[in-house]
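Chemist: Below you will find the structure I want to go over with you.
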Amino acid sequence: KFGVPFYIEVGVFDFDAKQAGVTERELQLNDAHALLNIVSDASSRTLLRNGKFPHRVMGTALFEVGEILGSRGNVGSKSLQTGGAVYAHVERCREDGDQGKFRFQLRAFRLKNAQKMGKTSSPFFEMMRKVDRPTGATWIKVYQSNVVRNDLHPLWNTAELDVEAVCNGDLNRAIKIMIWDHRRWGKHKHMGEFETSVAGLLHAKAMDAHGDVVSFQVNKHDKSIGTCEVVKAVIIGGDNVPKEQNPNLDKPSPAKTAGSTPSEIIQPAEKPEFIDYLTGGCQISLAVAIDFTASNGDPRQEGTPHYFHPPASKEWNDYEKAIFAVGSILAKYDADQRFPVWGFGAKYNNVVRHCFQCGTDVEVEGVQGIMDAYRGVF
């Protein structure tokens, strides 16, 4: 809701397998979401507050959604206490999109070995979803599978993800499957990739049920290095039935009667909201104009909007309150956080100034800069 702050807290930890009571090999048998359950159980926050969290805290960051939307490309960043940075991107959920859980399982065949010296690759895959930003399209990882050791025909574990997390409710949205050869020191070797969609995976499984096997070519540098097939693909829950699994699709359409004219149903255009403009690339610049006309009364008289209370009272006048209340909300959507401040209606040397610069700078920095420029007029 516009004007109401909403915060997202992010914690980054150095996962300690020994503290979690598992071995490195056992970790590789689980996907990344299963590992999250080890780290983010219900007692984690209490342990973190009491300084007894078993994993080393690398840093935390607190994002405000308005600040992220106001940043260039709708991407916010925060520095971590131990170095490095965390980036956050927000996207509006589609109200008319598909919902529920997407359960799927993949397997690959005849992958090209990325190892040497007689060793065999240990493949895992990442699922990436395509995100269109004002600065251009990019790919964001939404899932990482388990590692299948020493196998060029890997069968990965079944996964279950929120449809919104995978494709934001758009089953035709592009996703990318990237296959890697796991390396213990973290520099995994890229084996190959292919692009599809949730609808594409559902369709492949539906075709398989009818005896037609659909294989995805896994490519690297435009050369095939193997194939990938869908073992499971289904959407569980939600109000919508996936298109490929809709039983009504096979039914014949109603016959047209003689003399009838088919009419096209025109859907009313959806009215864009404030967040749609921001995510669509609209950039907002905040400019402030302050009314100094005589209608405000004598600023030296207590009770008038421009009257400054004694510093000891720590009380703001009406204009200070308005600048802070409105500016604190709108400033978040200005990417450079620099604002021009003008005044109108003030009288200098018996001359009424209808437009003049407040403060010494053409643009001030932050809401505090607006407050200082306003106070400087007096």
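Chemist: Any chance you could count how many residues in the range 339-370 are within 27 Å of Glu67 (Cβ to Cβ), open to solvent by 80 Å² or more (accessible area, probe 1.4 Å) and out of contact with any helix residue (DSSP H, G or I) (no Cβ under 8 Å at 6 or more places or on another chain)?
Modeler: 4
Chemist: When the residues of the range 125-136 are narrowed to those that are assigned to a strand (DSSP E or B) and either hydroxyl-bearing (Ser, Thr, Tyr) or closer than 18 Å to Thr196 by Cβ (or both), which ends up modelled with the lowest pLDDT?
Modeler: Per the stated criteria, the residue is Asp132.
Chemist: Conditions first: (1) touching a residue at least 60 places away in the same chain (Cβ under 8 Å); (2) under 41 Å from the mean Cα position of the chain (by Cα). Pro299 passes all but one, so which condition is the exception?
Modeler: Condition not satisfied by Pro299: (2).
Chemist: Quick one: Ala199 ticks every box in (1) part of a helix (DSSP H, G or I); (2) at pLDDT below 90; (3) open to solvent by less than 50 Å² (accessible area, probe 1.4 Å) except a single one, so which number is it?
Modeler: Failed condition: (2).
Chemist: Please go through (1) assigned to a loop (DSSP other than H, G, I, E, B); (2) more than 22 Å from Val234 (Cβ to Cβ); (3) not acidic (Asp, Glu) for Cys93 and return the number of the only condition it doesn't satisfy.
Modeler: Just one mismatch for Cys93, condition (2).
Chemist: I need a count of the residues in the range 329-378 that are closer than 15 Å to Ala287 by Cβ and in contact with a His (Cβ under 8 Å, 6 or more places away or on another chain).
Modeler: Total satisfying the criteria: 1.
Chemist: Tell me yes or no: at least one residue of the range 203-223 is among the basic types (Lys, Arg), at pLDDT 90 or above and part of a helix (DSSP H, G or I).
Modeler: Going through the range 203-223, the residues among the basic types (Lys, Arg) turn out to be 205, 220, 223.
With the extra rule that they be at pLDDT 90 or above, the set shrinks to 205, 220, 223.
Keeping just the survivors that are part of a helix (DSSP H, G or I) gives 205.
Within the range 203-223 (the criterion being among the basic types (Lys, Arg), at pLDDT 90 or above and part of a helix (DSSP H, G or I)), the answer is yes, since at least one residue qualifies.
Chemist: Every residue in the range 142-196 that is open to solvent by 50 Å² or more (accessible area, probe 1.4 Å), among the basic types (Lys, Arg) and in a strand (DSSP E or B), please.
Modeler: Lys189 - this is the single residue of the range 142-196 that is open to solvent by 50 Å² or more (accessible area, probe 1.4 Å), among the basic types (Lys, Arg) and in a strand (DSSP E or B).
Chemist: Do any residues in the range 70-93 that are touching a residue at least 24 places away in the same chain (Cβ under 8 Å) and among the hydroxyl-bearing types (Ser, Thr, Tyr) have Cβ atoms under 6 Å from those of residues that are part of a strand (DSSP E or B) and open to solvent by 50 Å² or more (accessible area, probe 1.4 Å), where the two are at least six apart or on different chains, and which pairs are they?
Modeler: Thr82/Met58
Chemist: Continuing with the same structure: Yes or no: the range 98-109 includes at least one residue that is at pLDDT below 85 and either touching a helix residue (DSSP H, G or I) at 6+ places or on another chain (Cβ under 8 Å) or crowded, with 17+ Cβ neighbours inside 10 Å (or both).
Modeler: Yes, that holds for at least one residue.
Chemist: For the subset of the range 278-319 comprising residues that are of a type in the set (Gly, Ala, Ser), open to solvent by 60 Å² or more (accessible area, probe 1.4 Å) and assigned to a loop (DSSP other than H, G, I, E, B), which member is farthest from Ile68 (Cα to Cα)?
Modeler: Applying the filter and picking the extreme gives Gly303.
Chemist: Give just the number: which of (1) at pLDDT 90 or above; (2) more than 24 Å from Phe6 (Cα to Cα); (3) open to solvent by 40 Å² or more (accessible area, probe 1.4 Å) does Ala85 not satisfy?
Modeler: Exception for Ala85: condition (2).
The values are calculated or read from the model by the stated rules, or taken from the named source; none is laboratory data. Note that the structure is predicted; figures quoted are calculated from it, not measured. Please note: Cβ atoms are built from the backbone with ideal geometry, for glycine as well, and neighbour counts cover all protein chains shown. Keep in mind that these areas ignore ligands, DNA and RNA; they rest on the heavy atoms of the full protein, side chains included. Shrake-Rupley method; radii C 1.70, N 1.55, O 1.52, S 1.80 Å.
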